[in-house]
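Participant: Handing you a structure now.
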Amino acid sequence: MTRRIVLALLALTAAVLVAAVLPLAFNAAAHERDAFVNDAAATARSLAVLEEERLGDHTASPALSAALLSAAREHDELLVLDKQGNVVVSQGVPRDAWKQLVSEAEERGDPTTELTKDRVIAVQTVWDDGKDGGTPIGTVVLERPTGALNQNIDDLWLYLAL
């Protein structure tokens, strides 16, 4: 009799924990993904502002190039394209998915992002005079691996399982 009561209490406790922890874990993982994508998009926006100086004024400054490449993390893939689609600055080689995202960004006039299992790609239009809705003079493509994000989410699940 006591064994059944103890087992019933353990089962009830486990059910309550699972019912409370699973939604929390899913929300936390979604928040981690959103924060990671937003960080990549914010970095692409910052790089577009930096690049507006070069593309708008048609001046090549080594200090500006160094600042641009250092703003992107060393493991990020970065492309800066002029309005004709020619590569102006590159660090690594993003995968081909960026071409479709650049087309979408040009059509909508808005930045675009895409999150896959192993990468996030952020595309930001470079506007003349730094104003949205002005004349587009280039595009920034930033690709960031999601290894750290995936590890954080795996660690969260492990922590909650334990």
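The values are calculated or read from the model by the stated rules, or taken from the named source; none is laboratory data. Note that the structure is a prediction, hence the values are computed from the model and not measured. Because the Cβ atoms are built from the backbone with ideal geometry, glycine has one as well, and the counts that use them run over all protein chains shown. The area values use the complete protein model at the heavy-atom level, side chains included, leaving out ligands, DNA and RNA. Shrake-Rupley method; radii C 1.70, N 1.55, O 1.52, S 1.80 Å.
Participant: Would you point out the residue of region 146-162, among those that are over 17 Å from Ala42 (Cβ atoms) and open to solvent by less than 60 Å² (accessible area, probe 1.4 Å), that is modelled with the lowest pLDDT?
Facilitator: Here the residue is Leu160.
Participant: Find the residue count for region 22-57, including only residues that are open to solvent by less than 40 Å² (accessible area, probe 1.4 Å) and in contact (Cβ under 8 Å) with a residue 60 or more places away in the chain.
Facilitator: The number of residues fulfilling the criteria is 15.
Participant: Which ones in region 58-112 are surrounded by 11 or more Cβ atoms within 10 Å (Cβ to Cβ), at pLDDT below 70 and assigned to a helix (DSSP H, G or I)?
Facilitator: Selection gives Leu64, Ser65, Ala67, Leu68, Leu69, Ala71.
Participant: If you don't mind, there's one more thing I want to ask. Of all residues in region 120-162, how many are within 15 Å of Arg108 (Cβ to Cβ), under 18 Å from the mean Cα position of the chain (by Cα) and acidic (Asp, Glu)?
Facilitator: The total comes to 0.
Participant: I'd like the residue in region 113-134 that is out of contact with any strand residue (DSSP E or B) (no Cβ under 7 Å at 6 or more places or on another chain) and more than 16 Å from Ala44 (Cα to Cα) and, out of all such residues, is most open to solvent (accessible area, probe 1.4 Å).
Facilitator: Taking the candidates together, the pick is Lys117.
Participant: Limited to region 98-119, what total is found for residues that are over 14 Å from the mean Cα position of the chain (by Cα) and touching a residue at least 24 places away in the same chain (Cβ under 8 Å)?
Facilitator: So the count comes out to 4.
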